[in-house]
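One structure below.
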Amino acid sequence: MDCIKRFYLAGFLYIALYAGFYQVYLQSLGLSKGQIGLLAAVSLLLVAFLEVPTGVVADKISKKTSVLVARALFLASLPLLYFANSFADVFLATIIGALSTAFTTGAETGWLYELLKRDGRADEYPRVYGRLRSFEMAGGFVGTLTGGILADFAGSMRLPIILSLPFVLTSLLILVTIPKDTVRSGLPYGHHLLESIRFVWNSREVLWLFIYANIIGLPVTLFTAFMQLYFYGFLASVLAVSGVVALHMTINSISWYIDVGDKVRERLYLYAGILLPFLSLLAGLSGWFGLITLVLETFIFAQAFKEWQGRFQKAIPDEKRATVGSLYSLIAATTNGALNAVLGWLFDYVGIMRGIVLASVFFLGLSSLAFTKKMRNL
């Protein structure tokens, strides 16, 4: 089996069986929506804080090592989450999970791109990246549906958490067999970091890519951040919510796997800033519109972000790839963390549906201004 297929298999097996009802599980422990939003915000902000140092480590030591450490940390977080009984317990598991995410972002995509480039296949990256995400989502679908059934059958949401261990361990062992990356930065840590920051600041293309990723990403977070509680509000069933999340992962998997072609992908990339907040707005109007949003928003974002990833990787030098990728993840984690915290407060205050409407209108106005400015520069 070639190394790309091993990436796919490892992604498929990176399964969290409890993913479909995680927020419901936290709610069952007595956490409020505000606390759940705060946990998400803390997780994302910790990822932001850790992104750059872990990215530099990946560029200077090994992207493969960084990803393997990430998998091991996620394994360590599972028993903590299984035995959790309070906000403090979940908080500790969240910290370890955030560290795992920080070691993965930037390093995994950089490792994959370098292996493709080494084989003269760099142009295939958007398609390969999309299929990797597709296999991850397919595994997520199987895991989410299975976890929901297990939780419903056993009458316990804890069992699927601990049963996730063998899947994550197998994913880790498969990644061990993939060839390591070889490009290293020869600069001292501080110098490498400053050079990477200077590169982003001086590159108008990369700077715009940083901004545009947030323009298309935040309206999606607006809907997905509390999606489990959104659907639980009128389905009132752990199994039903797990089924919806499994459906979301199926659509996600198909959306990442399908390649609509360069021209269609470029058009969706161009208009995603307007389409995505509009779809989130629909979700705030009706639960049935939420199902439409689930399908269309997932498909449009996947195609737009594949196009974004292709442009982003091509714009970055090999020796800075993990660090610049981590700088992007730092910005994304910070903005998403802040949004989660605000949404948790807003949803506690006005309710999920009304809160989605208010936030969607804000993002629709913001993205319309950015779109107008971009079109004037074309």
_Considering residues of region 34-78 that are charged (D, E, K, R) and in contact with a Ser or Thr (Cβ under 8 Å, 6 or more places away or on another chain) only, the residue surrounded by the most Cβ atoms within 10 Å (Cβ to Cβ)_ = Asp59
*Any residue at all in region 122-134 that is open to solvent by 20 Å² or more (accessible area, probe 1.4 Å) and within 20 Å of Leu17 (Cα to Cα)?*
yes
_Looking at Lys306, Lys314 in this structure, which one is at pLDDT below 85 and of a type in the set (Lys, Arg)?_
Lys314
*Of the conditions (1) over 18 Å from Gln228 (Cβ atoms); (2) at pLDDT 85 or above; (3) open to solvent by less than 50 Å² (accessible area, probe 1.4 Å), Arg321 clears all except one; give me its number.*
(2)
*Being more than 28 Å from Leu327 (Cα to Cα) and of a type in the set (S, T, N, Q) is the filter here, so list the residues in region 210-254 that pass it.*
Gln228, Ser237, Ser242, Thr250
_Among the listed residues Ala84, Ala102, identify the single one that is among the hydrophobic types (A, V, I, L, M, F, W, C) and not in a helix (DSSP H, G or I)._
Ala84
*How about region 15-31: which of its residues are farther than 18 Å from Leu150 by Cβ and assigned to a loop (DSSP other than H, G, I, E, B)?*
Leu29, Gly30, Leu31
*How many of the residues making up region 257-278 are open to solvent by 10 Å² or more (accessible area, probe 1.4 Å) and either of a type in the set (A, V, I, L, M, F, W, C) or modelled with pLDDT under 85 (or both)?*
12
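For every residue, the table says whether it meets (1) without any contact (Cβ under 8 Å) to a residue 12 or more places away in the chain; (2) open to solvent by less than 50 Å² (accessible area, probe 1.4 Å); (3) closer than 30 Å to Leu31 by Cβ; (4) touching a Leu at 6+ places or on another chain (Cβ under 9 Å).
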| site | (1), (2), (3), (4) |
| --- | --- |
| Ala88 | yes, no, yes, no |
| Ile96 | no, yes, yes, yes |
| Gly106 | no, yes, no, yes |
| Gly148 | no, yes, yes, yes |
*Scan the helices (runs of 4 or more DSSP H) fully inside region 138-244 and keep the ones with 1 or more residues being at pLDDT below 90.*
189-202, 204-224, 227-235
*Which residues, taken from region 106-129, are under 13 Å from the mean Cα position of the chain (by Cα) and assigned to a helix (DSSP H, G or I)?*
Glu108, Thr109
*Here are some residues: Val200, Val183. Which one is under 29 Å from Pro53 (Cα atoms), open to solvent by less than 50 Å² (accessible area, probe 1.4 Å) and not assigned by the TED database to the domain that holds Gln313?*
Val183
*Across region 79-105, what is the total count of residues that are aliphatic (A, V, I, L, M) and more than 19 Å from the chain's Cα centre (by Cα)?*
6
*Scan Ala283, Ala302 and give me the residue that is touching a Gly at 6+ places or on another chain (Cβ under 6 Å) and under 15 Å from Val220 (Cα atoms).*
Ala283
*Would you check if Arg121 is out of contact with any Ser or Thr (no Cβ under 8 Å at 6 or more places or on another chain) and either at positive phi or of a type in the set (Lys, Arg) (or both)?*
yes
*Which of the following residues is among the aromatic types (Phe, Trp, Tyr) and more than 16 Å from Lys306 (Cβ to Cβ): Phe135, Phe91?*
Phe91
*Looking only at region 135-146, which residues are over 14 Å from Gly20 (Cβ atoms) and open to solvent by less than 60 Å² (accessible area, probe 1.4 Å)?*
Glu136, Ala138
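The values are calculated or read from the model by the stated rules, or taken from the named source; none is laboratory data. All values reported here derive from a predicted model rather than from experimental measurement. Because the Cβ atoms are built from the backbone with ideal geometry, glycine has one as well, and the counts that use them run over all protein chains shown. Protein only, heavy atoms only, side chains kept; ligands, DNA and RNA dropped before computing areas. Shrake-Rupley method; radii C 1.70, N 1.55, O 1.52, S 1.80 Å.
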